[in-house]
Amino acid sequence: MPFEFSVNVGRRNVRPSCGARMDFLVLFLFYLALVLIGVVTICICSKTHYLKGLVRGGAQIISYITPECLQRTMLKLLHYLFHTRNHTFILLHLILQGMVYSEYTWEIFDYCQELEFSLHYLLLPYLLLIVNLVFFMLSCVSNPGTVTKANELLFLQVYEFDEVMFSKNMKCSSCNLRKPARSKHCSVCNRCVHRFDHHCVWVNNCIGAWNARYFLLYLLTLTASAATMAVVSTVFLVQLVVVSDLYLETYVDDLGHFQVIDIVFLIQYLFLTFPRIVFMLGFVIMLSFLLGGYLCFTLYLAATNQTTNEWYRGDRAWCQHCPHVARPPSAEPQVHRNIHSHGLWSNLREIFLPATAHYERKKI
């Protein structure tokens with residue numbers, strides 16, 4: 001007969017029946033592996049011409065099989081989402097966060113209280129959520145360090161020009177302002193940003209000298225909240241298995257043989273019993289890995305006093321890859337070097353206490 005086991009937690013009684021082993025776990029792990037491999041591949045290939053070639057080739061193939069009216073609609077949609085300032089991703093961010101925390105409150109929090117988990121332990125994700133929303137709002141609304149006529153001379157004195165990636169006396173063709181070292185014109189916001197890092201669609205704002213600290217803390221608390229929720233959910237499921245002695249049970253396989261429950265069967269059983277919890281757990285685990293990887297990359301940039309823009313453009317490449325640098329054909333190619341790093345603590349202090357942050361408070 002098939003394996004049956006009753007899990008009774010307070011007022012909830014779940015009595016599933018597990019017969020043949022299912023393949024959903026293998027498919028889920030395969031999907032998770034594909035997502036992670038895809039993200040890693042994009043990160044590796046983003047600084048090479050391979051990704052651009054693949055995107056260009058894929059776009060050509062799609063253009064052959066897609067009606068022209070649909071292509072125009074998709075291009076307009078993509079332009080709106082990624083090349084104009086809009087609140088779409090802010091709303092999507094808040095909706096996803098609300099859905100995850102609603103599921104955590106309705107399922108995990110309620111169950112864990114019945115299992116007498118520590119209340120401080122259960123409330124930690126909510127504390128991280130409050131802190132995260134504060135830094136999320138600051139990242140959205142704060143001035144990243146917009147270069148204007150009033151502060152142009154001030155910004156020109158902050159960083160040294162390396163004459164490789166950033167040259168003196170360069171003017172922004174859009175703003176008609178001299179470009180300070182480490183600045184860049186954002187085509188989405190239509191402004192030059194001091195110590196430009198990147199334009200983040202999730203906060204609908206540029207990340208620059210004046211809000212890099214808010215973005216870093218936002219990313220840190222978001223990663224911590226996802227990881228904490230994953231830990232609480234995992235501990236709950238483990239505690240449930242231990243309390244119910246589920247790991248001691250056996251089941252009858254397709255050949256009629258008794259088998260001891262292994263980890264794969266146990267996870268499949270938990271998925272059938274608590275599908276929403278296990279699905280949420282898989283989502284927050286994947287999110288923790290992705291956010292954790294990006295957080296490590298951001299911390300590396302902060303520790304070495306680099307920006308995402310400089311890392312992408314630099315690649316420790318030869319100077320001939322910089323189109324704005326003019327030199328005689330016989331000149332020796334120069335290598336881009338990071339001349340702005342002055343040690344770990346000095347670099348971090350520059351992130352959290354930018355030299356020109358007081359200007360924003362003093363201006364009238």
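The values are calculated or read from the model by the stated rules, or taken from the named source; none is laboratory data. Note that the structure is a prediction, hence the values are computed from the model and not measured. Methodologically, a virtual Cβ is constructed for each residue, glycine included, from the backbone with ideal geometry; neighbour enumeration extends over all protein chains shown. Note: areas computed on protein heavy atoms with side chains; ligands, DNA, RNA excluded. Shrake-Rupley method; radii C 1.70, N 1.55, O 1.52, S 1.80 Å.
When the residues of region 296-310 are filtered to those that are under 14 Å from PHE166 (Cβ atoms) and not in a loop (DSSP other than H, G, I, E, B), the one that is farthest from the chain's Cα centre (by Cα) is GLU310. Taking region 268-284 as the range and being surrounded by 18 or more Cβ atoms within 10 Å (Cβ to Cβ) and either touching a residue at least 60 places away in the same chain (Cβ under 8 Å) or under 16 Å from the mean Cα position of the chain (by Cα) (or both) as the test, the residues that pass are GLN268, TYR269, PHE271, THR273, PHE274, ILE277, MET280, GLY282, PHE283, VAL284. Out of SER225, SER233, one residue alone is open to solvent by less than 20 Å² (accessible area, probe 1.4 Å), under 18 Å from GLU116 (Cα atoms) and at pLDDT 90 or above. It is SER233. Of ARG213, ARG191, all but one fail to be within 21 Å of the chain's Cα centre (by Cα) and charged (D, E, K, R); the exception is ARG213. Checked against (1) β-branched (Val, Ile, Thr); (2) within 25 Å of ARG349 (Cβ to Cβ); (3) open to solvent by 20 Å² or more (accessible area, probe 1.4 Å), VAL243 passes all but a single condition, namely (2). Can you name the residue in region 114-162 that is modelled with pLDDT under 90 and either surrounded by 14 or more Cβ atoms within 10 Å (Cβ to Cβ) or in contact with a Phe, Trp or Tyr (Cβ under 8 Å, 6 or more places away or on another chain) (or both) and is also nearest to LEU353 (Cα to Cα) among such residues? Filtering region 114-162 for residues that are modelled with pLDDT under 90 and either surrounded by 14 or more Cβ atoms within 10 Å (Cβ to Cβ) or in contact with a Phe, Trp or Tyr (Cβ under 8 Å, 6 or more places away or on another chain) (or both), the one nearest to LEU353 (Cα to Cα) comes out as ASP162.
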